[in-house]
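What follows is a set of notes on a single structure, which appears directly below.
The values are calculated or read from the model by the stated rules, or taken from the named source; none is laboratory data. Small disclaimer: the values here were computed from a predicted structure and weren't measured. Note that each Cβ is placed from the backbone with ideal geometry, even for glycine, and that neighbours are counted across all protein chains shown.
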Amino acid sequence: MRKLYQIAVIAVLLCLGSAVCLAESLDLADADFHFVDARDATGYYVDMQSLQFHNDHEVTARVEIVRADIDRLYLYTIRFDRRKKTYQILDSAVAEYASKEKIGGTGVPAKATSYAAGSPMETVVEYIFSPTP
């Protein structure tokens with residue numbers, strides 16, 4: 001019985017050790033995030049190095065949303081259509097803000113969603129097309 005207990009403890013420790021070793025941190029070293037807007041404890045930033053303009057009204061950009069109150073960072077690649085007033089999340093990553101350790105995300109694109117006038121997404125789009133120094 002004691003031998004079985006020891007094997008179980010070792011197995012648990014190996015699983016925990018491999019999970020810690022497999023933890024991935026977000027690499028934001030080459031990013032140029034500009035502050036765009038804040039709502040309560042949430043900040044919105046655009047990586048100006050990531051902008052890919054498709055025409056005069058469509059752009060793909062990396063957008064960082066920081067929820068300081070819960071120590072979360074959400075990093076999205078989003079395709080915006082300024083004319084249709086829509087955005088489509090192409091991929092996402094969720095991380096602890098303080099450590100930048102990735103804790104979730106997806107590479108599956110979501111369907112395009114409309115954004116409202118005065119919303120943070122509209123503010124992000126307007127900043128991209130008319131950046132403020």
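Of note:
- When residues in segment 113-128 are screened for being surrounded by 14 or more Cβ atoms within 10 Å (Cβ to Cβ) and either part of a loop (DSSP other than H, G, I, E, B) or not hydroxyl-bearing (Ser, Thr, Tyr) (or both), 9 of them pass.
- Scanning segment 94-111 for residues that are more than 15 Å from Ala61 (Cβ to Cβ) and either without any contact (Cβ under 8 Å) to a residue 40 or more places away in the chain or exposed (fewer than 13 other Cβ atoms within 10 Å of the Cβ) (or both) returns Val94, Glu96, Tyr97, Ala98, Ile103, Gly104, Gly105, Thr106, Gly107, Val108, Ala110, Lys111.
- Identity of the residue in segment 54-106, part of a loop (DSSP other than H, G, I, E, B) and of a type in the set (S, T, N, Q), that ends up farthest from Glu122 (Cα to Cα): Ser99
- Of everything listed in (1) in contact with a helix residue (DSSP H, G or I) (Cβ under 7 Å, 6 or more places away or on another chain); (2) of a type outside the set (Gly, Ala, Ser); (3) closer than 25 Å to Phe129 by Cβ, the single unmet condition for Glu58 is (1).
- Flag not set for Leu73, criterion: over 21 Å from Phe129 (Cα atoms), surrounded by 14 or more Cβ atoms within 10 Å (Cβ to Cβ), modelled with pLDDT under 95 and in contact with a strand residue (DSSP E or B) (Cβ under 6 Å, 6 or more places away or on another chain).
- Test for Val66: is it hydrophobic (A, V, I, L, M, F, W, C) and in contact (Cβ under 8 Å) with a residue 40 or more places away in the chain: no
- A single member of Pro131, Pro109 is at pLDDT below 95 and closer than 22 Å to Leu28 by Cβ, and it is Pro131.
- Against the test of being surrounded by 15 or more Cβ atoms within 10 Å (Cβ to Cβ) and in contact with a Ser or Thr (Cβ under 8 Å, 6 or more places away or on another chain), the options Asp81, Asp91 yield a single qualifying residue, Asp91.
- Restricting attention to segment 21-36, the residues that are modelled with pLDDT under 95 and part of a strand (DSSP E or B) add up to 1.
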